[in-house]
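To start, the structure under review is shown below, and the notes come after it.
The values are calculated or read from the model by the stated rules, or taken from the named source; none is laboratory data. None of these values were measured; they are calculated from a predicted model. Glycine gets a Cβ as well: all are built from the backbone with ideal geometry, and neighbour counts include every protein chain shown. Keep in mind that these areas ignore ligands, DNA and RNA; they rest on the heavy atoms of the full protein, side chains included. Shrake-Rupley method; radii C 1.70, N 1.55, O 1.52, S 1.80 Å.
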Amino acid sequence: MASGSWNFSTNNQYITGRIRWSSTSNGSKANTSTVTAYLDYMKSSSSTAATYGTFNGAISINGSSGAVSKYITLSANNSWVNVGSRAVTVGHNNDGSKSITIAASGGISGTSFSSVLL
């Protein structure tokens, strides 16, 4: 099983985004893996107030996009909050290798928080 994560910036200086991902092989006969991506956000304790509301966005794995929607509160406490996940089965190359792309976007309407990760 392979996995990883990386952080990205948003249009709000106090909010950071993160993608976590993992992949699980579906066996040599199927020559596929299931890739799951998780989208998280964190608000810095340098801020003085929470950001809250319904996060609406999307997570895309190799061009297969799925909507995520969740009411969240981003407290100013450096704690990650998960807003959703997406799982997609991808086929391998003949040699068993595979490169994938993961993208995410979204925000909370009416606040100064939005993000795009390509």
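Where residues in segment 64-118 are over 30 Å from ALA30 (Cα atoms), free of Cβ contacts under 8 Å to residues at least 60 places away in the same chain and in contact with a Lys or Arg (Cβ under 7 Å, 6 or more places away or on another chain), which of them is surrounded by the most Cβ atoms within 10 Å (Cβ to Cβ)?
Looking at the filtered set, the residue picked out is LEU74.
Quick one: which strands (runs of 3 or more DSSP E) lie wholly within segment 1-107 and hold at least 1 residues that are of a type in the set (S, T, N, Q) and under 11 Å from the mean Cα position of the chain (by Cα)?
2-9, 32-43, 51-61, 80-91
Is it true that some residue in segment 63-82 is within 29 Å of GLY110 (Cα to Cα), of a type outside the set (Phe, Trp, Tyr) and in contact with a Gly (Cβ under 7 Å, 6 or more places away or on another chain)?
Yes, segment 63-82 contains at least one residue that is within 29 Å of GLY110 (Cα to Cα), of a type outside the set (Phe, Trp, Tyr) and in contact with a Gly (Cβ under 7 Å, 6 or more places away or on another chain).
For segment 7-30: of the residues being open to solvent by 40 Å² or more (accessible area, probe 1.4 Å), of a type outside the set (S, T, N, Q) and touching a residue at least 12 places away in the same chain (Cβ under 8 Å), which is farthest from SER97 (Cα to Cα)?
Only one residue tops the list, namely TYR14.
When you look at LEU39, is it modelled with pLDDT of 95 or more and of a type in the set (A, V, I, L, M, F, W, C), yes or no?
Judged against the criteria, LEU39 is a match.
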